[in-house]
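Here's the structure we're looking at; comments come further down.
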Amino acid sequence: MFFAQSATAQFLDESLLENLRQKAGNSSQPTTITSPLDHGREQQINYEREELQKARYEELSRLEEDFQARLSNEELLQFGYALFEQIPRQQEVITGSVSDNYILGVGDELVVTFQGSKSSSYSVKVDRNGRVILPDVKPLTVVGRTLGETRKNLEDLVADTMIGTNVYVSLASFRMISVIVAGEVFEPGVIRTTSLSSGLEVLLMSGGVKKTGSLRNIKVYRGHEVFTIDLYRLLLGQQGIDIPLMDGDRIVVPVIGPTIAVDGDVVRPGIYELRNNADGISFQKAIALAGGTIRPRGYSFSHVTMDKHGRQTFEEVTGDIRIHGSEALLASLRENSQLGKVELLGHVKAPGVRSLASASSLRKMLGSVDNLEDDPYMLFGAIDRVDETTRSRKLIEFSPRKVLLGGQDIELKDRDRVVFFGRKDIGYLISGDVRKVILTGEYTGKKSLKDQYQRQNYCAPLDNLARIIADSQSERFATAVRAVFVRKGTEEEKIRDREKLVDGDLRSDVESNILMGAKGRTMGELQQEAVAAELQKKREQEDKDYEEVLCPSVFNETLNLLPFILEYVVSVDGAVRQPGVYPIVRETTLEALLSVSGGLSNDANKTRIEVANYTMEQSVNQLYMNWDYVDSTSHDISNILINPGGGVRVSSLFSNFEPGAVLLSGEFREPGVYTIRKGEKLSDLIVRAGGFTDQAYPYGAIFTRKRVKELQQAQLRQTAQSLQSAMVSASVKKNIDADSLMAAQQLTDQLASAEVIGRVVIEADPVKLLLDPAKDIVLEAGDALYIPKRPNFIVAVGDVLNPGALQFVSGKGVAEYLNEVGSFTRSADEDRVYIVYPNGVARPVNLSSWGGDNNLSIPPGTAIVVPTDLSPYDTLTLVKEIGSIVSSLAVSAASLAVIFTN
């Protein structure tokens with residue numbers, strides 16, 4: 001059944017199959033399949049050919065080298081040869097209609113269609129006799145005739161012989177012709193192409209015209225006829241540039257003719273070939289060849305000729321002269337200046353160029369205050385002006401406030417550039433970047449520009465400022481150093497501390513890497529690798545810590561504007577809302593200066609405002625600084641005038657309160673955060689907190705101070721660095737195995753990562769404080785006091801078998817408590833046991849059987865500490881060199897353990 005069904009399914013009617021074959025034959029086109037390998041080879045050949053062609057025309061000709069050297073212009077090239085830089089890859093498929101001017105020849109194929117009383121279509125070729133032969137029509141000679149003429153002749157012939165029939169003629173395919181190309185082309189020879197190809201296309205197929213070949217005198221020889229092709233007509237957009245080619249034509253490219261150069265301020269500077277060998281070219285036509293001048297007028301022209309000795313002479317063109325071969329024409333502007341313009345820059349809504357006639361003064365240029373951007377700076381502006389005698393640019397200060405609001409005005413001059421500032425521009429003056437340059441005279445962002453980050457953050461005005469400060473020996477920036485950056489010493493200390501910290505961290509990290517990677521490596525290799533890695537880390541950290549602020553664009557737009565504005569600054573410090581530096585003009589009012597600095601703060605002493613001003617002592621020709629104190633409650637500060645270089649300092653009202661608070665926690669009746677008076681003592685604050693609860697244990701009080709914590713943390717870090725340096729030094733000098741180094745490194749890491757709380761041993765019992773007032777500590781802002789509940793346990797920590805807390809029993813000694821936790825481990829240092837009392841005081845314990853402290857009675861809350869025996873580290877042979885440091889490490893670690901336990 002299965003085979004029978006299959007046989008039935010495969011049976012088709014033969015007529016149906018025949019119809020399908022006919023349709024397929026009529027509709028389908030042959031498909032060309034190209035293997036990927038052949039396609040790749042073809043692409044490679046095309047690519048190599050394109051690169052070769054490009055290289056041919058990139059190479060300078062001797063003519064170009066000569067003109068470039070004579071006119072000092074390395075961009076001067078021969079005109080027109082770029083046309084041949086791109087050559088056709090292959091004979092392209094011809095599409096579109098053929099012009100009626102196409103001349104028929106032997107081998108052309110025509111499609112002739114009859115419609116009407118007789119309908120048929122024929123494809124015929126022009127035979128060797130130059131005729132086309134069609135049924136029912138006498139032979140028609142077509143060779144040498146155009147397609148349009150042939151169509152008209154055939155229509156007339158059909159009208160006479162085939163009444164009621166129309167005829168249509170089209171070109172089906174072109175004949176192939178052979179053209180010989182010779183002369184100054186890259187690939188001379190016989191070119192096989194279609195009859196529709198032009199002379200230019202044949203030249204492209206021959207590799208293009210060499211730079212030594214003519215573009216204006218290309219010859220086409222056809223029997224006794226000679227035709228000339230001038231490619232300049234194509235390049236210059238003119239007509240009649242080409243002739244139709246015939247089979248057997250010869251194209252000859254002669255050597256380039258006389259040439260001239262047109263250079264300077266023209267649209268298309270270049271080297272141009274002349275058509276006429278003898279007469280040259282007129283001045284106007286030479287300029288037209290180069291596209292004309294860039295501007296319509298204002299030029300002087302120089303005619304460059306050669307004398308009999310080959311020397312160049314430059315003569316001014318005064319009329320329509322003739323330019324001959326090997327000569328040149330130079331176009332130069334007589335003046336490249338701008339008259340009657342002024343420019344508005346900076347923090348304005350409509351910056352740009354203005355006519356001097358319409359903006360003859362500052363007020364006319366800006367119009368009103370509303371034309372300034374939001375948050376402008378009204379006390380200082382600058383005019384960038386050209387000095388009339390030296391023609392150099394100079395800066396002039398002005399007050400926008402006085403001009404726009406005070407009735408003052410300044411006349412502008414030609415080419416003035418007026419700069420207005422915003423508050424952000426002025427705020428840049430107290431940025432870290434500017435401050436660092438003022439303090440050190442160096443700009444770290446030098447214009448190395450190795451990467452994009454440096455290019456984005458490079459500030460040319462800062463670089464210029466650093467150069468000026470380094471080269472200047474005057475007091476030009478005295479105010480910036482003395483008054484503006486009043487924290488000079490503090491800043492220098494911060495810089496030194498940071499460098500010290502970074503260097504210490506770097507050294508510590510390098511040494512750590514050396515110790516961690518000691519196995520199988522020489523110390524020299526490890527040191528080099530570790531130093532390189534850590535230096536990179538240091539640079540990355542510096543980029544994060546000192547991320548540069550991009551300098552405002554207003555300082556980039558005007559040369560020396562940043563140093564100029566720093567000459568006019570005054571400092572405003574003390575009880576103001578926005579202390580800093582502010583540039584001002586002479587006779588600026590104190591009221592305006594305090595206004596731009598945000599006004600007085602709430603704690604300002606309005607009766608004592610210190611004003612410093614420079615005054616000139618004419619008799620000795622010196623500047624002196626004078627100080628006055630102003631009472632703003634009784635004086636009109638709008639009448640107090642300040643000059644650049646001075647300063648204002650607003651005193652604060654005296655307050656007997658500390659600028660912070662103290663935290664009380666634990667067993668207080670009223671715990672919490674308390675504001676304290678200056679000089680307030682602990683006993684006073686305990687009374688304010690309602691005293692202790694009945695469960696309080698003052699003997700175990702934990703008092704911490706922020707200042708002490710910072711000091712202890714620095715000491716720990718310094719101790720760790722010293723220990724690590726000593727270990728590296730010893731390991732380099734002596735043969736130390738890596739395991740020992742790893743063990744020592746772990747000890748150092750524990751010390752470096754230890755967190756301290758800044759505990760201070762104090763007396764917190766109110767009764768004892770009353771009896772001995774000298775123990776009553778004076779409080780500081782940031783202090784914290786914790787009062788625990790009375791404990792009933794003793795803590796044993798360190799190298800004991802079972803560290804932990806034990807119930808307190810009155811009269812029980814240290815040895816008994818140690819026995820209860822299993823006594824010592826093997827690594828314990830039994831000779832260095834000590835106890836830490838609840839108040840933080842440490843005391844060593846002697847556990848020897850003769851005269852020891854075995855029966856020493858200790859209070860509840862005491863910690864018994866058994867340190868680790870460091871004798872195994874004797875194998876490092878470091879005991880003599882760093883024994884004291886290791887000892888400090890053990891004691892510090894033990895003390896930390898006691899504090900955290902309590």
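The values are calculated or read from the model by the stated rules, or taken from the named source; none is laboratory data. Here the structure is a predicted model, which means the values were calculated and not measured. All Cβ positions, even for glycine, are placed from backbone atoms using ideal geometry, and neighbour counts span all protein chains on display. To get the accessible areas, we keep the full protein, side chains included, count just its heavy atoms, and leave off ligands, DNA and RNA. Shrake-Rupley method; radii C 1.70, N 1.55, O 1.52, S 1.80 Å.
Brief remarks follow.
- Search result, residues across segment 318-332 that are over 21 Å from ASN276 (Cα atoms) and surrounded by 15 or more Cβ atoms within 10 Å (Cβ to Cβ): LEU330, ALA331
- Answer residue from segment 126-144, given it is farther than 25 Å from ARG192 by Cβ and aliphatic (A, V, I, L, M) and is most open to solvent (accessible area, probe 1.4 Å) among those: ILE133
- Of the residues making up segment 355-386, those that are open to solvent by less than 60 Å² (accessible area, probe 1.4 Å), out of contact with any Phe, Trp or Tyr (no Cβ under 8 Å at 6 or more places or on another chain) and touching a residue at least 12 places away in the same chain (Cβ under 8 Å) number 12.
- Subset of segment 145-190 [at pLDDT below 90, outside any strand (DSSP E or B) and either aromatic (Phe, Trp, Tyr) or exposed (fewer than 15 other Cβ atoms within 10 Å of the Cβ) (or both)]: GLY148, LYS152, GLU155, ASP156, ALA159, ASP160, THR161, ILE163, GLY164, PHE174
- Looking across segment 654-686, the residues that are open to solvent by 40 Å² or more (accessible area, probe 1.4 Å), free of Cβ contacts under 8 Å to residues at least 60 places away in the same chain and not basic (Lys, Arg) come down to PHE654, SER655, ASN656, PHE657, GLU670, PRO671, VAL673, THR675, ASP684.
- Selection of first residues in segment 117-140 that are under 15 Å from THR165 (Cβ atoms) and among the polar types (S, T, N, Q) and of second residues that are in a loop (DSSP other than H, G, I, E, B) and open to solvent by 90 Å² or more (accessible area, probe 1.4 Å), restricted to Cβ pairs under 9 Å at least 6 apart or on distinct chains, gives the following pairs, ordered by first then second residue: SER117/ILE163.
- Residue pairs whose Cβ atoms lie under 6 Å apart, separated by 6 or more positions or on different chains, with the first residue in segment 419-436 and modelled with pLDDT of 90 or more and the second open to solvent by less than 20 Å² (accessible area, probe 1.4 Å) and assigned to a helix (DSSP H, G or I), are ASP425/VAL554.
- Near pairs, Cβ below 7 angstrom, 6+ apart or cross-chain, from segment 279-299 (acidic (Asp, Glu)) to any residue that is open to solvent by 20 Å² or more (accessible area, probe 1.4 Å): ASP279/ARG322
- Subset of segment 319-347 (residues that are over 44 Å from the mean Cα position of the chain (by Cα), part of a strand (DSSP E or B) and either of a type in the set (Asp, Glu) or within 30 Å of VAL418 (Cβ to Cβ) (or both)): none
- Some residue of segment 147-155 being of a type in the set (Ser, Thr, Tyr) and either free of Cβ contacts under 8 Å to residues at least 40 places away in the same chain or under 30 Å from THR259 (Cβ atoms) (or both): no
- Residue list for segment 360-392, restricted to those being hydroxyl-bearing (Ser, Thr, Tyr) and within 31 Å of the chain's Cα centre (by Cα): TYR377
- Selection status of ALA781, in a strand (DSSP E or B), open to solvent by 30 Å² or more (accessible area, probe 1.4 Å), in contact with a strand residue (DSSP E or B) (Cβ under 8 Å, 6 or more places away or on another chain) and not β-branched (Val, Ile, Thr): no
- Only residues that are assigned to a strand (DSSP E or B) and of a type in the set (Phe, Trp, Tyr) were counted in segment 196-248, giving 2.
- Residue that is most open to solvent (accessible area, probe 1.4 Å), among those in segment 687-702 that are over 13 Å from LEU785 (Cα atoms) and among the β-branched types (Val, Ile, Thr): VAL687
- Number of positions in segment 807-866 that are open to solvent by 40 Å² or more (accessible area, probe 1.4 Å), under 26 Å from ALA696 (Cβ atoms), touching a Phe, Trp or Tyr at 6+ places or on another chain (Cβ under 6 Å) and not in a strand (DSSP E or B): 1
- In this structure, GLY524 does satisfy being in a helix (DSSP H, G or I) and either over 22 Å from ASP425 (Cβ atoms) or at pLDDT 90 or above (or both).
- Within segment 39-95, if we keep just the residues that are at pLDDT below 85 and of a type in the set (Lys, Arg), the residue that is surrounded by the fewest Cβ atoms within 10 Å (Cβ to Cβ) turns out to be ARG41.
- Close pairs (7 angstrom Cβ cut-off, 6 or more residues apart or separate chains): β-branched (Val, Ile, Thr) in segment 864-878, modelled with pLDDT under 50 anywhere: VAL865/ALA894; VAL865/ALA897; VAL865/VAL898; THR868/ALA890
- Restricted to segment 201-256, and to residues there that are of a type in the set (S, T, N, Q) and in contact (Cβ under 8 Å) with a residue 12 or more places away in the chain, the residue that is nearest to PHE186 (Cα to Cα) is SER206.
- Residues satisfying the criterion are present in segment 303-317 (criterion: part of a loop (DSSP other than H, G, I, E, B), surrounded by 11 or more Cβ atoms within 10 Å (Cβ to Cβ) and free of Cβ contacts under 8 Å to residues at least 40 places away in the same chain).
- Among the residues of segment 572-605, those that are part of a loop (DSSP other than H, G, I, E, B) and open to solvent by less than 40 Å² (accessible area, probe 1.4 Å) comprise ALA575, ILE584, VAL585, SER597, GLY598, GLY599, SER601.
- Verdict on SER651 being within 56 Å of the chain's Cα centre (by Cα), among the polar types (S, T, N, Q) and surrounded by 15 or more Cβ atoms within 10 Å (Cβ to Cβ): yes
- The number of residues in segment 760-778 being open to solvent by 30 Å² or more (accessible area, probe 1.4 Å) and closer than 25 Å to ILE835 by Cβ comes to 9.
- Matching residues, segment 142-172, being farther than 19 Å from ASP100 by Cα and of a type in the set (D, E, K, R): ASP160
- Note on segment 260-300: among residues that are touching a Ser or Thr at 6+ places or on another chain (Cβ under 8 Å) and either among the charged types (D, E, K, R) or surrounded by fewer than 20 Cβ atoms within 10 Å (Cβ to Cβ) (or both), the one that is nearest to GLU327 (Cα to Cα) is GLU273.
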